[in-house]
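Student: Mind having a look at this structure? Questions to follow.
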Amino acid sequence: MKGARFSGLRRFWDEYRQVKSGLIGIGLLVVFILIVLLEPVALPYRQANERWRDINYWQDSPRLALPVWVNWFTSKDYPRSTVISEPKREEVATGTLRVITMEVPYEFTSGHPPSDLYYKLYLTGRASIAFEFIRPDGEKVELRRSTAVDGAQILRLSAIETLQERAYALGAKYEDPNVAKSRNPRMIDTMGVLFGQAARGIFIKPAILDGTYRMRIQVALVNEQSQLNKAEFVVLGGVSGILGTDGDRRDLWCGFIAGTKWALLIGLLTSLISVVVGVVYGVAAGYFGGWIDALMNRIFEVVLSIPLLPILIVMSAVFNPSIWIIIAMMCLFFWVGPVKTVRSMALQIKEHSYIEAAKALGASHRRILFRHMIPQLIPYSFASMALSVPGAILYEASISLIGLGDPTIVSWGQVLRDAFSSGAVLQGIWWWIIPPGVAIALMGMTFAFIGFAMDTILNPKLKTR
């Protein structure tokens, strides 16, 4: 018995591999499954799933950074992010006042300026801080920020946010006076000026100044209880990760990996439940016939005529958006997909002699349905299931795209929603839009190829039974 079963599977595989699109579908499915299984290893940020919308978690990433592989196709490379932890300290004490000086060299040879630079200080107690940025040509950009803190605290100082006025003052010394007057300090390219050559055009199109930059900071600890526990200098690059970052500094590769498991779960769970319900419903309608068949057909037609997307929109707007509610709503409507085909097959199967023999031997309706009729439709069920997966994924993406998806999960639809709401299309931020869109298309193609291949193989057999 077991040998015959494996022999049937072997014959099915021999036929399946003759369909090239089916092999492509299987290959893509294996890739997606591997991505899900290897998620703990592949995620560069371990808490990306739980803290996707936690802005503080992504603060050390560059904003709107391109994917790292973009440098393979550009003549001028974008810089990568650099973190310098625990720089060398020089401490001078005068009574209870202690002054700690730290200076960090930064070799810069890229064709584009960094996206930001800042320092992080882990302080306890009271302190005052002075920061200085020294260029290779000797120009200094100073920013002094005095602060008094009580207790443990992490202080950050971002150049993009706080050095705009100083950068403008630096550029105005070399730019054409008329151009300088017409520029708003808050609208200039701060990092372009800080890393640009001291010449005219520094506000319009600054040429990059290569060399050794220095970041110097002085921390004055005002009493014995004050401590500088840790210091970090961070230079945020123009490229980051395999798929870059979005407007909230989130790593889009993490979004792609996290979205894969949700796409598979949504598609497979919805198609499994809906196809099982649809197959049982269609077989029962064909088997019983008469007024039961007529009533079940009327119910089928009513459900089929109800548009799903408006219902999903209303349900998501009325209730708190939940992925489980969305899956349940799709199952309530997707089950009608296989009913007509299954019913017509059931009408043929029930006329076979072995069904009449089972009735004559006193077999119950339940036994006839689940032991003699439904098992014959299992091959069609698998094909129907594979073909219904893309629809479920697209419906979830559509709901998320209009802002009614489940905000607690990281799905490809949610990533696209954030991109469109942030104007990524108008700004040309292609790496925020194309990867999730291509991922949705590939996932749909995967199951479409598998479903078409199975349908090509199995339908002729079903017709000859």
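Student: Output the Cα-based Rg and Dmax of the stretch 340-407 in Å, rounding Rg to one decimal and Dmax to a whole number.
Tutor: 18.9, 58
Student: Based solely on its DSSP helices, what 222 nm [θ] is calculated for the chain when runs of n ≥ 4 H residues each add -39,500 (n - 2.57) and the sum is averaged over all residues, nearest 500 deg cm²/dmol?
Tutor: Dividing the helical sum by the residues of the chain leaves -15500 deg cm²/dmol.
Student: Same structure again: Using the Kirkwood radius over C-alpha pairs as Rh, can you work out the diffusion coefficient of the stretch 248-342 via Stokes-Einstein at 20 °C, viscosity 1.002 mPa s, in µm² per second?
Tutor: 140
Student: Using modelled backbone amide H atoms (1.01 Å from N, in-plane), which distant-in-sequence or interchain residues come within less than 5 Å of Leu117's amide H?
Tutor: For Leu117, whose amide H was placed from the backbone, the distant partners under 5 Å are Ala159, Ile160, Leu236.
Student: Related question: Output the direction-averaged projected area (hull surface divided by four) of the convex hull of the alpha-carbon atoms of the stretch 188-252, in nm².
Tutor: 7.8
Student: Then there is this: Taking +1 at the Cβ of each Lys and Arg and -1 at the Cβ of each Asp and Glu, which of Ala180, Val222, His112 sits farthest along the dipole of the stretch 74-236 towards its positive end, judged by Cα position relative to the Cα centre?
Tutor: The Cα lying farthest towards the positive end belongs to Ala180.
Student: The stretch 42-144: which GluC sites (Glu not before Pro) are DSSP loop and have at most 16 other beta-carbon atoms within 10 angstrom?
Tutor: Numbers: sites: Glu50, Glu90, Glu91, Glu103, Glu107, Glu132, Glu139, Glu142; in loops: Glu50, Glu139.
In loop regions of the stretch 42-144 (DSSP not H, G, I, E or B), the sparsely surrounded GluC sites (Glu not before Pro) are Glu50, Glu139.
Student: So if R0 is 41 Å, what FRET efficiency would Ala441 and Lys205 give, r being the distance between their Cβ atoms, rounded to the nearest 0.05? Can you show the working numbers first?
Tutor: Details: r = 38 Å, r/R0 = 0.92.
According to the calculation, E is roughly 0.65.
Student: Same structure, new question: Using only Cα positions of the chain, each an equal point scatterer, no hydration layer, compute I(q)/I(0) via Debye at q = 0.06, 0.09, 0.13 Å⁻¹ and quote the log10 values to two decimals.
Tutor: -0.45, -0.77, -1.19
Computed from the coordinates by the stated procedures, all read-outs in this text should not be read as laboratory data. Keep in mind that this is a model prediction, so the values were computed, not measured. Note: ideal-geometry Cβ built from the backbone for every residue, glycine included; neighbour counts use all protein chains shown.
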